[in-house]
Amino acid sequence: MHRGPDDQGIFTDGDFGFGMRRLSIIDLGGSNQPIFSEDERHVIVFNGEIYNYRALRAELSERGHRFHTEGDTETILAGWREWGRGVWQRLDGMFAAAIWDRKTRTLALARDRTGIKPLYISEQQGGLAFGSELKTLTALPGLDFTVDPRGVHDYFSFGHARTPRSIYAEVRTLPPGHWLEIGAEGPAETGAYWTPRYQRREGRSADEWVEAFRETWLRTVRDQMLAADVDVGAFLSGGVDSSAVVAAMARQSDRSIKTFTIGFREERYNEAPYAEAIARHLGCDHTTHILEAEDAATVLPKLQSAYDEPFADSSAIPTWYLSRIAAGEVKVALSGDGGDELFFGYKRHMTERHVGRLPAPLRRAARAFAALPPLPMKAGNAVLQRWQKTARSAGLPDGGARFFAKTQITPPALRRRLFAGTQLEGWDEEGAIEALAAEYYPDMAAISDDTLEQFAMCDLALNLPGDMLTKVDRASMAHSLEVRVPMLGEDIVDLALAMPADVKLRGRTGKYPVRRAVEPWLPPGILDRRKQGFQIPMARWFGGDFGAQVEEIWRESGIAQSGFLNPRAVDTLFAEHRSGRRDHGRFLYALAMFGLWWTQRPRAV
């Protein structure tokens with residue numbers, strides 16, 4: 001219901017069937033799915049939006065195709081009939097699409113280039129099932145869903161199952177930029193229609209790159225605003241990317257933009273004043289909601305239910321509330337996600353720039369720092385832990401391996417304690433991170449000779465779809481809100497992959513072209529501050545009643561008997577966190593979400 005409260009449709013053809021629930025954004029009175037070709041040979045269901053559908057429609061009309069709706073779904077279907085699987089690379093948008101050929105009894109699936117929209121697949125009992133959420137698969141009778149130890153290890157290492165895995169051994173995701181086709185006989189065939197690659201274009205000055213971004217950005221935001229027959233609002237955090245979105249929207253609209261912000265009582269985490277200043281400057285119709293710890297405690301079971309598998313990014317909490325607030329006023333919101341991955345905006349990118357240029361002996365020596373014991377004072381341990389995380393990764397051989405090390409939510413030493421005596425024991429021995437990086441990218445040098453570009457490519461191809469986009473999609477669609485990400489528009493992505501690294505990260509300034517392009521549109525100095533990200537005050541929340549709630553989940557969920565975690569080690573971590581010897585907030589949040597999922601997961605009958 002939540003993904004599509006406006007309409008529903010089902011099509012069956014012998015032993016094949018698919019269905020769709022629609023959130024109507026374009027062609028509100030028409031385009032209800034499934035949609036048939038004029039000769040009724042082909043049938044399509046589609047989740048997402050295509051921003052260049054009008055241009056494609058005009059081209060297809062010139063080629064003789066006739067249309068009976070005003071929407072983008074029928075355009076995809078006509079494109080498939082004209083170009084076959086070549087249609088996928090022509091689509092600028094976010095999508096998971098399925099097309100059934102009634103004559104050849106062939107199913108075609110495809111997912112957008114960067115994985116904005118999800119697509120789960122399970123091949124069992126000689127058939128194939130697919131859906132936008134895991135619950136569409138686990139509801140099917142007669143299928144098996146066994147917890148995958150590899151997925152559990154992924155989860156407690158990175159906060160989510162790494163694509164293409166899921167938490168279930170029988171389910172995988174279709175990777176971003178891929179298609180799948182399966183006929184009445186034989187196995188499914190899968191291929192990539194787009195793969196992200198750096199194609200550095202030299203010869204432009206930094207100012208020229210800034211201007212190229214500004215022009216492309218305005219066009220991309222305009223196109224995403226226009227591809228809607230409903231009001232379009234925006235998430236506004238006060239950071240660079242969301243400010244760039246709203247500033248571009250305001251310059252191209254004759255109406256006040258509705259903007260939405262989550263704030264916190266804790267000043268260190270609260271970006272609301274910056275967002276409010278930007279909203280006033282741009283004349284926005286702005287809403288701020290202050291999030292309290294008790295709000296987060298109340299929402300956790302609902303939040304975990306929306307994700308279907310354990311998901312440990314705590315910024316899903318404010319994203320959930322932000323989506324709920326926005327959905328009360330608009331059907332579509334634009335968000336700044338993707339800018340950090342494309343234009344090197346994370347602190348870890350700056351760290352990699354410095355670490356990657358150190359001599360190898362010095363980088364290896366830095367790892368000794370990671371073995372230091374906790375400090376006697378509580379205040380210093382959080383800082384020590386952050387520096388130790390960097391030191392542990394410093395001696396690794398390339399940017400890709402350091403990406404896997406830096407995006408861990410728990411250090412290997414802690415996981416060795418947690419998994420001692422369980423079925424995951426021995427998974428975190430020396431060399432495990434290097435082996436994991438090599439599994440995804442056997443030849444890291446083929447990505448780039450620059451370790452920063454190696455690192456950032458892993459961010460773009462793995463962390464973005466697995467974490468950031470998953471977070472936004474599930475939290476927003478749980479409230480029937482469509483969130484669009486113009487930073488991942490086709491032209492912006494192509495521009496970023498052509499831009500030299502030293503332009504994107506210029507000195508100590510990440511996202512340099514984005515900042516410089518939108519700076520004239522914003523209040524003076526508003527972007528000249530430390531990046532905060534969408535954080536919650538986790539350490540304080542977990543040290544109080546919220547931490548007690550996590551212990552209750554641990555005791556009552558039954559995961560102590562799951563065979564995946566050592567109960568004595570978990571109890572020790574609770575004690576260490578309460579005493580302040582270590583900040584285990586990220587693990588404790590992960591434990592809470594895993595426990596809630598464990599109680600909600602489907603059971604074998």
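Tabulated results
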item: Segment 412-494: Cα Rg divided by the 2.2 N^0.38 Å rule of thumb; result: 1.49
item: Largest to smallest principal axis extent of the C-alpha atoms in segment 164-323, angstrom; result: 60, 52, 34
item: Overall dimensions of segment 225-315 by Cα: Rg and Dmax, Å; result: 15.3, 43
item: Linear extension gain, Asp229 paired with Glu292, 0.36 nm per residue minus alpha-carbon span; result: 19.2 nm
item: Interchain or long-range residues, amide H under 5 Å from Ile116's placed H; result: Phe95
item: Rg/Rh ratio calculated on Cα atoms of the chain (Kirkwood radius); result: 0.95
item: Point-to-point label distance, Phe16-Glu202, nm (Cα→Cβ direction, 7 Å offset); result: 5.1
item: Packing-based order for 221-229, 302-310, 239-247, using average beta carbon neighbours within 10 Å, highest first; result: 239-247, 302-310, 221-229
item: Among 18-30, 430-442, the order from most to least packed when residues are scored by Cβ within 10 Å on average; result: 18-30, 430-442
item: Assigned charges on the beta-carbon of Lys, Arg, Asp, Glu; the chain dipole about Cα centre (debye); result: 1940
item: Cα centre as origin, Lys/Arg/Asp/Glu Cβ charges: segment 7-192 dipole, Debye; result: 340
item: Per-residue [θ]222 nm for the chain (sum of -39500 (n - 2.57) over DSSP H runs n ≥ 4, rounded to 500); result: -12500 deg cm²/dmol
item: Sequence of Ser393, Ser132 once ranked by neighbouring C-beta atoms within 10 Å, starting from the fewest; result: Ser132, Ser393
item: Placed amide H near Asp231: partners under 5 Å, 5+ positions off or other chain; result: Lys331
item: Estimated FRET transfer efficiency (Ala192, Arg219; beta-carbon r; R0 25 Å; 0.05); result: 0.40
item: Whole-Hz couplings from phi, Karplus 6.51/-1.76/1.60, listed for segment 314-328; x for Gly and Pro; result: 5, 5, 4, 5, x, 5, 4, 5, 4, 5, 5, 5, 5, 5, x
item: Full-extension gain in nm, Ala55 to Ser305, via 0.36 nm per residue minus C-alpha separation; result: 86.1 nm
item: Percent breakdown of C-alpha pair distances by 10 Å bin, ordered from the shortest bin, for segment 7-192; result: 9, 36, 36, 15, 4, 0
item: Residues with amide H under 5 Å from that of Arg484, placed H, sequence gap 5 or more; result: Ala333, Leu334, Ser335
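Where a number appears in this text, it was derived from the coordinates with a stated rule and is not lab data. Note that the structure is a prediction, hence the values are computed from the model and not measured. Positions of Cβ are generated from backbone atoms using ideal geometry, with glycine treated the same way; all protein chains shown enter the neighbour counts.
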